[in-house]
Amino acid sequence: MGVKAKVHLKIDTGMERIGVHYYSAHTLQEATLKCCRNVEVEGIYSHFASADSADLTYARLQLERFNEVLRFYEKHSLPAPMGHMANSGAVLQLPEASFDMVRPGILMYGVYPSPEVPHTVQVRPALAWKSRVVYFKVVRPGHPVSYGSTWQSDHLVRVVTVPVGYGDGYFRSMSNKAQVIIRGQKYPQVGRVCMDHGQSRMGHGLQRRRSDVDRRIGRRTRHGRRSGWVGWDDPLRNLDQHQHARAACVCKISQTPGVLSPPCLFRASGALR
Ligand SMILES: Cc1ncc(COP(=O)(O)O)c(C=O)c1O
């Protein structure tokens, strides 16, 4: 077809996920020199398993393995393809692993990859997850809310329902842990998060509006305060407070809105400031 495919070779230096093992890489590298007229090796890359740890011993070992793989080109007096290896942890902790490009993931969402990483770069959460309140009711004392009756009040409370649940990617494990933002103020999410719905307790003095917007991920905005939007406080930070802030969880939360159902809006805006 006269078209050249540009490819990046994936070298597994210790993640044991995708790619050719570093100790077999030369076979692949040699093969790409001999065959494949229609393939251009534009890049070569690897991935860190623990560049977000306080102990960087394993990350450094991976880096050394990758550097050894790159020496192939030097040995053969060939120009090296673009190299890239650094994920968020390495961007923050291993500048020597930057090569020609970096691939930060979670950091681009404005979230640190792990609590062990020094906070050397200022980031802010780049997610906004909003939905509208679809129901409002006053619940009597002793009347439990949602599945499993995991929460009830000892006094009359206002409870709003928002059509976002674990079916949309919102964690069920956030049940009774998250906080909502209601016109700029925080209120607790109450009862189990359902597949399509979640409920929140509002304060006594606050009248909700049917048009209120639920903010499940994101920061309070001036706009939110002015217009009386309703929303859940930044669950990324909530997770942190509730000791669920393992990078894996945070990653998952950050990426699950990909399955959002129509009533929700998902927006990603600039993360680094
Ligand atoms: C190939 C690759 N590059 C970059 C990333 C981003 O990693 P992180 O979110 O740790 O920055 C990932 C995430 O798994 C990945 O698989």
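Miscellaneous remarks
- Residues Thr32, Thr150, ranked from the fewest to the most other C-beta atoms within 10 Å, line up as Thr150, Thr32.
- A simple count of charges around Thr13, restricted to other residues whose Cβ falls under 14 Å of its Cβ and scoring Lys, Arg +1 and Asp, Glu -1, yields +1.
- Sorted by Cβ neighbour density within 10 Å, fewest at the top, the residues Tyr23, Tyr73: Tyr23, Tyr73
- Extension gain for Val134 to His8 (0.36 nm times residue separation, less C-alpha to C-alpha distance): 40.6 nm.
- With θ taken as phi - 60° and the Karplus curve 6.51 cos²θ - 1.76 cosθ + 1.60 applied, the whole-hertz 3J(HN,Hα) list for region 157-165 is 9, 8, 10, 10, 10, 10, x, 9, x Hz, x standing for glycine and proline.
- Sorting Phe136, Phe171 from the fewest to the most surrounding beta carbons within 10 angstrom yields Phe136, Phe171.
- Mean projection area, nm², convex hull over Cα of region 79-208: 11.0
- Local net charge near Gly43, Cβ-Cβ under 12 Å (Lys/Arg +1, Asp/Glu -1): 0
- Geometric descriptor of region 5-104, per residue, is 91 Å³ (volume of the convex hull of the Cα atoms).
- Distance in nm between pseudo-label sites at Ala54 and Arg103 (7 Å out along the Cβ direction from Cα): 2.9
- The label-point distance for Glu40 and His155, in a model that sets each label 7 Å from Cα toward Cβ, rounds to 7.1 nm.
FYI, it's all coordinate maths here, none of it is from the lab. The model shown is predicted, which means the values in this text are computed figures rather than measured ones. FYI the Cβ positions are ideal-geometry reconstructions off the backbone, even for glycines, and counts take in every protein chain you see.
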